[in-house]
Structure formats: structure tokens, C-alpha cells
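Every number in this text was worked out from the coordinates using simple rules, so none of it is lab data. Since the model is a prediction, treat every value here as computed from it, not as a measurement. Note that each Cβ is placed from the backbone with ideal geometry, even for glycine, and that neighbours are counted across all protein chains shown.
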Amino acid sequence: MKQRIITGIIFGIIVLSLLFWNESSRLVLLILIPILSLFEYSRMTNFKVIDWIILLLLVVGTFYLINYNNEAPPFFLAFICILNLILGLNLFLDNLLIKHTKTKALISSYYIVIPFILGYFELIHSENHFLFIGMMILIWVSDSSAYFIGSAIGKRKLFPKISPKKTWEGFYGSGMCVLISAYGIFSLTNFKDLSFWVAFSLVIWVSGSIGDLVASHVKRIHQIKDSGSLLPGHGGFYDRFDAFIFAMPFILLINALL
């Protein structure tokens, strides 16, 4: 716990500095998260040369298509959300609908990397950059509160087959903390209206929680405890940003709808 707290404080200062400094620093954060997470995912799933080639073609092609249109085509966002929902549905199945061992290049492209390209155009390189800041803060609140509340009073296991330490008490407690924090952000900033922040926080809470389980599922499939060792006490970058990665397309969707 001591190591986890020390790492969390140091890492938190670095991330918050990048988050609040300016658009360029937020872009650095937006680049580091998928690149380092992809590196860890590729090691876990044993990428071959052909996987890197497919991933590169998909990412470069998507970037130029979005840049050419100056916006993300709607079917991209819909496809990514559907892919993430299938990854979430896999949690309940023995025969997986999509297997990381066979479609890892496709999954890593649209699950890890491309949502952040969309995030650049929709959240960073636009007037909506504050949503990126709010998203990061609320996911951090969700992760931390679920951990501490679950450790303190958690008794009923949320998904013991995938992640034995997560509890229903931590899940509901994190939802309450996220809603309170979202109201606090709204009160301080008056950015958008309260109904938006309620929907925004609920999407972050639910999708972020599922994203955490999806990452745990990937690690369990490949019999790995931590995706990396970059953050002592927390694991790797993929461990730390799994909720953020999974939630990104749903946040872009709720922003488009509302």
C-alpha cells in the first residue's frame, strides 16, 4: 500500500500537470497513453511482424481518413463502441466472440489506439478539451473510490471469475463518488448543463468499470498478473488506463448525442 500511494502521488502530479498545462501537454498525454498501453498489450498477446503491419495500416489509414474529412466518420465511432461491447460480453462467455489471440491487431487498433485519434479531433483539437480533463478526473475518482471503498467494506464479489478483489460495494460506492465529483465540476465551471454531467458521469462509471474487467480478462487469458512494471504498486500503463481506454469511445458518443 505504501508503494502504491507513493507511486500514485508522483504519477498523479505528472499526469495532472500534463492535463492542465496547455493543449500541447494534453496532446503528449493523449499520445503516451495508447503507445505505452499498446506496447504492453503487444507483449501480453505476443505480437508478430504481420500484426504490427496490420495495426500500422489501420491506424495510418484511419488518421488520414479523419484528417481528410476533418471529423470522424460516424461508422468509426459506432464500430468501436460495438467492438468494446463485444469485449465486455466476452466476460460472460467461455467461447469468446472475439479472441485476442487471433484478432489482436484489429482489437489493439480499434480498442486501444484509434479512440485516442478520435479523441484528438473531438476533445483536444476543439473547444471540447475540457471534457478530456473532466473525463480523466472522473475516471480517476471512479478507480480510486472503487478500490478504497471495496477494500474497506467490500464483501460481495463483483466478478470473481475475472477479478476476485472487485466488489459490488466498491462498484456502487465509486458510482456515488463519480456523481458527486461531476456535480462539483459542474458547480465550479458551469460548463454545459447538469443533465449532461449526470449522463457523462454515468457513462464513465459503467464503461470504466467494464473496461477494468476487460483488461483483467486479457491478463487472465494470457496468465499475466500485471501488464507491465512501469508503475510500482499499480502495474503497467495498460493497468492504470484500462478504464480510460475502454470509456473513450462511449464518451465521444455521449458527447455527439448530447
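May I ask you to compute the full-extension gain from residue 258 to residue 11, defined as 0.36 nm times their residue separation minus their alpha-carbon distance, rounded to one decimal in nm?
That works out to 85.7 nm of additional length.
Evaluate the relative contact order of segment 87-204 (contact order divided by residue number), counting alpha-carbon pairs under 8 angstrom at least 6 apart; express in whole percent. That works out to 18 percent.
Peptides 246-253, 79-86, 134-141 ranked from most to least packed, by the mean per-residue count of other Cβ atoms within 10 Å: 246-253, 134-141, 79-86.
With 18 Å as the limit on Cα-Cα distance, the pairs of 155/225; 155/219; 165/219 that go past it are 155/225; 155/219. Here the dipole of the chain is about 1020 debye; that uses its Cα centre as origin and unit charges on the Cβ of Lys and Arg (positive) and Asp and Glu (negative). For the pair residue 23 and residue 172, a Förster radius of 22 Å applied to the C-beta separation gives a FRET efficiency near 0.05, rounded to the nearest 0.05.
Around the amide H of residue 166, modelled in the peptide plane, lie the amide H atoms of 158, 159, all under 5 Å away and 5 or more residues distant in sequence or on another chain.
Fully extending the segment from residue 101 to residue 78 would add 5.9 nm, taking 0.36 nm per residue of separation and subtracting the current Cα-Cα distance. When both segment 9-80 and segment 138-157 are represented by their alpha-carbon centers, they are found 27 Å apart. In straight-distance terms, cross-link reach from residue 102 covers every one of the aspartates and glutamates whose alpha-carbon lies under 20 Å from its own, apart from those fewer than eight places away in the same chain; here that gives 40, 51, 94.
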